[in-house]
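The values are calculated or read from the model by the stated rules, or taken from the named source; none is laboratory data. Note that the structure is a prediction, hence the values are computed from the model and not measured. Neighbour counts run over all protein chains shown; Cβ positions are idealised from the backbone, glycine included. These area figures cover heavy atoms from the full protein model, side chains too; ligands, DNA and RNA do not enter into them. Shrake-Rupley method; radii C 1.70, N 1.55, O 1.52, S 1.80 Å.
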Amino acid sequence: MSASSPTTILLVEDDEAIGRPLTGALRGQSYDTLWAVTAAEALELVEESPALILLDLGLPDLDGVELCRRLRAQLPATVIVVLSGRAEDVDVVLGLEAGADDYLTKPFRLPVLLARVRAHLRRQLPVPETAGQPAPPIRLGSLHLDLGARRCEVDGQEVPLRPKEFELLAALVAEAGQAVSRQELMARVWDAQWTGPTKTLDMHVSSLRRKLAEYGEDPQRIVTLRSFGYRYDAPNGSLAG
Ligand code: CA
């Protein structure tokens, strides 16, 4: 495929009544749209390097959460949006823990889905540099964030963060010591027009804490502010910038 080929979206959905109008709508927006009706087909289409995957959790040949985990392992930078037909929160939570970036509960309205897709793809573009100046790296104690390279290090060791985890950490660290509301975080990291549930945020904060802890950073630096949001507490004496 040439570098100038349009953005590829992979839809994984076994229900034709959903898949047919959805692929039509996505192609109508000029996305190069692939449609897999089984997990096996989805895993083959990974080779097409989709920028975004819409993933139904109820598939005939493999549990959707397990498929999500495998897709995430093969495509670390691809946005995965779970389409959950199951009302149970636990499936959504499992999907997010398995590496999904976002979810929509069926039935959803097509314009809402298309808006969400656009927002995700827009955020996937490289961060624009202000007047040719790359954003300065941030150092807080043992934590080092290079915004231009999108690299997070703890004591010189790179922490493998997914795109949304990196953006979330960057948003918190940029306001170190200050409370940041849930709505502001949702707007900055996910979608400016966000009005939906914010469980996605909590899931990303817990995986961020887990990953930072694995690399020896104190996970409690990300402080939960009940009914408000989060705050990143820098270690004493360290300065941002
Ligand atoms: Ca299904």
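Scanning region 175-194 for residues that are open to solvent by 10 Å² or more (accessible area, probe 1.4 Å) and in a helix (DSSP H, G or I) returns Arg182, Gln183, Glu184, Ala187, Arg188. Within region 73-84, the set of residues being without any contact (Cβ under 8 Å) to a residue 60 or more places away in the chain and either buried (at least 22 other Cβ atoms within 10 Å of the Cβ) or not aliphatic (A, V, I, L, M) (or both) comprises Gln74, Thr78, Ile80, Val82, Ser84. The criterion of at least 1 residues that are at pLDDT 90 or above and not charged (D, E, K, R) is met, among strands (runs of 3 or more DSSP E) falling completely within region 92-174, by 143-146, 151-154. Name every residue in region 35-77 that is away from the ligand (no atom under 16 Å from the Cβ) and part of a strand (DSSP E or B), in order of residue number. Leu52, the sole residue that qualifies. All of (1) open to solvent by 10 Å² or more (accessible area, probe 1.4 Å); (2) touching a helix residue (DSSP H, G or I) at 6+ places or on another chain (Cβ under 7 Å); (3) under 30 Å from Val159 (Cα atoms) hold for Glu66 with one exception: (2). Scanning region 4-34 for residues that are more than 22 Å from the chain's Cα centre (by Cα) and either among the aromatic types (Phe, Trp, Tyr) or in a loop (DSSP other than H, G, I, E, B) (or both) yields Ser4, Ser5, Asp14, Asp15, Ser30. In region 29-52, the count of residues that are of a type outside the set (A, V, I, L, M, F, W, C), open to solvent by 60 Å² or more (accessible area, probe 1.4 Å) and under 20 Å from Leu114 (Cβ atoms) is one or more.
Taking the criterion of being more than 12 Å from the ligand (Cβ to nearest atom) and open to solvent by 10 Å² or more (accessible area, probe 1.4 Å), the residues of region 9-24 that qualify are Arg20, Pro21, Gly24.
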